[in-house]
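Accompanying notes for the structure given below.
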Amino acid sequence: MTVTASSASRAAEILSRPVALNGLTVPNRIVMAPMTRMFSPGGVPGEDVRSYYARRAAAGVGLIVTEGTYVGHESAGQSDRVPRFHGEEQLAGWAEVAEAVHAAGGTIVPQLWHIGMVREQGDPPYADAPAVGPSGIRVDGTEGTGKAMTRRDLDDVIGAFAEAAAAAERIGFDGVELHGAHGYLLDQFLWAGTNRRTDAYGGDPVARTKFAAEIVAAVRETVSADFPVLFRYSQWKQEAYDARLAETPEELEAILTPLAAAGVDAFHASTRRYWIPEFEGSDLNLAGWTKKLTGKPTITVGSVGLDGDFIRGFMGEGAPVQGIDNLLDRLERDEFDLVAVGRALLQDPEWAAKVLADRFEELKPYDAAALKTLS
Ligand SMILES: Cc1cc2nc3c(=O)[nH]c(=O)nc-3n(C[C@H](O)[C@H](O)[C@H](O)COP(=O)(O)O)c2cc1C
């Protein structure tokens, strides 16, 4: 795909329209995708994190989804440099991030995260905490050192998500995104590969969705009725790129319907390349199917503006600029509502401003060296 003048003028027109997510009006269709950066020692986002997000809001990103931030459960994480969404100092840091983003004209939601069985024994920030998951099974199928969650564990984690969501509203965020994707805790329940439970939380797709739906319901109950609750999910897992939650639209519907009924206001369907059809016989991508099946607003994502997906980026590869005509066509057809941009925005804080002002020729290729700094 080439970058053409016609795609440029269309881009501003199509991407500049505001959109409502429950009580929040997002000023345009451009979302910053959640990206773990590990620049928050002690789990506290500081001045550099604040200006990193504010810079992107000032340059036209309509909605920022923060990097994954751990909920207040000791087994939630594995790093002392990933920001936490509990604790006085941590939340004070986050409050300043939200304030700075608002001052720059943007909107922002934290991505609430529990990594489940991805945790290794002894990992920070709470070295003694065990890894927990639906069945004590890791995404690669091994047993590891974790344990299957008890009733008490389930309740603790549900409570931790609800508390984090309440804190988000209290300290000035515009909503929350629950991280249900990529092989982390919620996805470990959704996926049969890691969920072998024989109680009410395992079995068919609806049963596997029960835990995530209970978290959504608890969050919904804790926050105001118009406070947006977003849910991110994916077919693929960080350690299993070809894994799928749903082989058919019917299976996908069985997972999404209870989540929507529990109170999700918008879905964020995480794919690595947005232009790939999800199921045979239709051109719709995963976000397109999600919108069709639930009627909820959806966010698409995956190699927007870049040629070469982000897994290769993790392995140190760069990616050249790619045009966005296909994306605009899909947006124009209302296949989905918003577009999340990851690496292109990590690389270039001005990405949204350039796209919205038809400055396509100034877009920069992605260079994995951008991961090393928070600029
Ligand atoms: C450095 C990096 C960190 C990421 N961290 C997260 C994360 O914390 N939570 C999440 O849901 N996705 C995470 N992702 C995935 C991105 O949100 C996004 O879905 C992916 O990069 C594809 O978009 P892109 O092709 O525009 O980069 C991360 C991606 C990158 C490159």
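Between the alpha-carbon centres of segment 26-55 and segment 115-159 there is a gap of 27 Å.
Using a probe radius of 1.4 angstrom, the carbon and sulfur fraction of the accessible surface of the chain is 50%. 3J(HN,Hα) along segment 137-147: 10, 7, 4, 7, x, 7, 7, x, 10, x, 9 Hz, from the Karplus curve 6.51 cos²θ - 1.76 cosθ + 1.60 with θ = phi - 60°, whole Hz, x for Gly and Pro. The amide H of residue 341, built 1.01 Å from its N in the peptide plane, has 31, 32, 33 as neighbours under 5 Å, considering only residues 5 or more places off or on other chains. When you filter the trypsin sites (Lys or Arg not before Pro) in segment 41-122 for DSSP loop state and at most 16 other Cβ atoms inside 10 Å of their Cβ, you are left with 81. Once backbone amide H atoms are built at 1.01 Å from N, residue 68 has 35, 36 as its partners under 5 Å, excluding neighbours fewer than 5 places away on the same chain. Compute the relative contact order of the chain as a whole-number percentage, counting only Cα pairs closer than 8 Å that sit 6 or more residues apart in sequence. With pairs under 8 Å counted, the relative contact order is 17 percent. Size descriptors for segment 61-138, from the alpha-carbon set: Rg then Dmax equal 14.4, 45 Å. Scaling against 2.2 N^0.38 Å puts the C-alpha radius of gyration of the chain at 0.92. Springs join every pair of Cα atoms under 10 Å in this Gaussian network model of the chain, and among 68, 295, 106 the largest mean-square fluctuation is at 295.
Of the chymotrypsin sites (Phe, Trp or Tyr not before Pro) found in segment 258-331, none is in coil by DSSP with at most 11 other Cβ atoms within 10 Å of its Cβ. Apply the Karplus parameterisation 6.51 cos²θ - 1.76 cosθ + 1.60, with θ equal to phi minus 60°, to every residue of segment 63-77 and state each ³J(HN,Hα) to the nearest whole Hz, in sequence, with x for glycine and proline. My calculation for segment 63-77 gives 9, 9, 9, 5, 3, x, 10, 5, 6, x, 9, 4, 8, 5, x Hz in order. The 3J(HN,Hα) values that the Karplus relation (6.51, -1.76, 1.60; θ = phi - 60°) gives for segment 24-38 are, in residue order, 9, 9, 8, x, 8, 8, 9, 10, 7, 6, x, 9, 4, 10, 6 Hz. Gly and Pro appear as x. The H on the amide N of residue 181, modeled in the peptide plane, is under 5 Å from the matching H of 187, each at least 5 residues off or on a different chain. Calculated on the alpha-carbon coordinates, the convex hull of segment 64-202 measures out at 101 cubic angstrom per residue. Classification of segment 1-97 by its C-alpha gyration tensor yields a prolate form. The axis ratio a/c (a ≥ b ≥ c) is 1.5 or more, and a/b outweighs b/c.
Nearest-5 percent of antiparallel DSSP beta bridges in segment 208-362? Of those bridges, close to 15 percent are antiparallel.
With only Cα atoms counted, segment 93-154 has Rg and Dmax values of 16.9, 47 Å.
The values are calculated or read from the model by the stated rules, or taken from the named source; none is laboratory data. Being a predicted model, the structure only gives us computed values, none of them experimental. Glycine gets a Cβ as well: all are built from the backbone with ideal geometry, and neighbour counts include every protein chain shown. Surface accessibility is based on the protein's heavy atoms, side chains included, excluding ligands, DNA and RNA. Shrake-Rupley method; radii C 1.70, N 1.55, O 1.52, S 1.80 Å.
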